[in-house]
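These notes concern the structure reproduced below.
The values are calculated or read from the model by the stated rules, or taken from the named source; none is laboratory data. Keep in mind that what you see is a predicted model, and the values were worked out from it rather than measured. Quick reminder, even Gly has a Cβ in these numbers, built from the backbone with ideal geometry, and neighbours come from all protein chains shown.
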Amino acid sequence: MGLSTETYNLLLQKGIEAALEAGKIIQSFDKKSLNIDKKETFKSYATQVVTEVDFLSQEKILEILTPTILKYDLGLLTEESQDNESRFNKDFFWCIDPLDGTLPYIEQNDGYSVSIALVNKDGKSIMGIIYNPQTDSLYYNTHDNKLYKNNKLFQLPEKENDLFLVFDRGFMKRENINMIYGYFKKLNYPKPTVVSHGGACMNAIWVLESKARAAYFKLPKKEKGGGSLWDFAATSALFGRQKLYGSDIKGCQLNINKSEPYFNEEGIIYTNDPTLMNDIILLNEILNH
């Protein structure tokens, strides 16, 4: 079953309202006095850290979106609550990360955001909403697949020849990181500008806004982690258009409704350049031989 334009627009407005209200809560806290807990689940500190703000942000989002869940029979998946598996039984579900990028938030750096997506049962994100409360920047896509920033139609910048690479913090600690840089050098890419302090959502947004040939990618690994459904749900909707590419490491569409929520086996790529995308796919093949 599809969504009418009228229903889509209503859900979009509610999603935007929820993201903005959650952003107010996030910005209202004194980050120096936060109570920080740890999820004893994964190796990386970034995936363990959770704060009271995560929960309060989620509470506000659900306060606004729960009426839509009841009215339109939607499922729900959120980072800070147990998966109730409603996403497998409903035509659409909300996929929510109430505070993506907890580490940059704690450190008072740019790179955190509120992420809300509407995903269909087949695992395709049809609506993505990202709000960066630090810069008061709102990104979303409409029913006709147009991309907006702060309620204005977003035009992709003209690309320059520079190379901009966005990684997670853990990626920079890879033993073969210099080999990866050498790979791009061998292909005659210029020396890259590298950023590695943001959460998954803003990492993708920085690629979207870059004037350089840009990519955010995560290579497959055996350990659980590698980002989760809620990390990529909204941005995969924003990248679902011409000249923006969001996929797994083999170039296939991200499945945002698979049973296992983690992407450690698939890897991910977000880029604004098809040649760069193909080169990253080839890089992964080389590293696996």
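Side notes on the structure shown:
- Test: residue in the range 98-112 that is over 17 Å from the mean Cα position of the chain (by Cα), of a type in the set (S, T, N, Q) and surrounded by 15 or more Cβ atoms within 10 Å (Cβ to Cβ): no
- If only residues of the range 215-238 that are free of Cβ contacts under 8 Å to residues at least 60 places away in the same chain and in a strand (DSSP E or B) are counted, the one that is nearest to Ile256 (Cα to Cα) is Lys218.
- Qualifying residue in the range 222-245 (condition: of a type in the set (S, T, N, Q), crowded, with 18+ Cβ neighbours inside 10 Å and modelled with pLDDT under 95): yes
- Matching residues in the range 117-157 - criterion: being surrounded by fewer than 23 Cβ atoms within 10 Å (Cβ to Cβ), among the hydrophobic types (A, V, I, L, M, F, W, C) and in contact with a helix residue (DSSP H, G or I) (Cβ under 9 Å, 6 or more places away or on another chain): Ile126, Leu138, Leu147, Phe154, Leu156
- In the range 102-120, the residues that are in contact with a strand residue (DSSP E or B) (Cβ under 8 Å, 6 or more places away or on another chain) and over 12 Å from Pro133 (Cα atoms): Thr102, Leu103, Ile106, Ile116, Ala117, Leu118, Val119, Asn120
Condition check ((1) under 28 Å from Ala19 (Cα atoms); (2) outside the structural domain of Thr51 (by TED's automatic domain parsing); (3) assigned to a loop (DSSP other than H, G, I, E, B)) across all residues:
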{"residue": "Asn109", "(1), (2), (3)": "yes, no, yes"}
{"residue": "Leu118", "(1), (2), (3)": "yes, no, no"}
{"residue": "Asp122", "(1), (2), (3)": "yes, no, yes"}
{"residue": "Leu138", "(1), (2), (3)": "yes, no, no"}
{"residue": "His143", "(1), (2), (3)": "yes, no, yes"}
{"residue": "Tyr181", "(1), (2), (3)": "no, yes, no"}
{"residue": "Lys191", "(1), (2), (3)": "no, yes, yes"}
{"residue": "Cys201", "(1), (2), (3)": "yes, yes, no"}
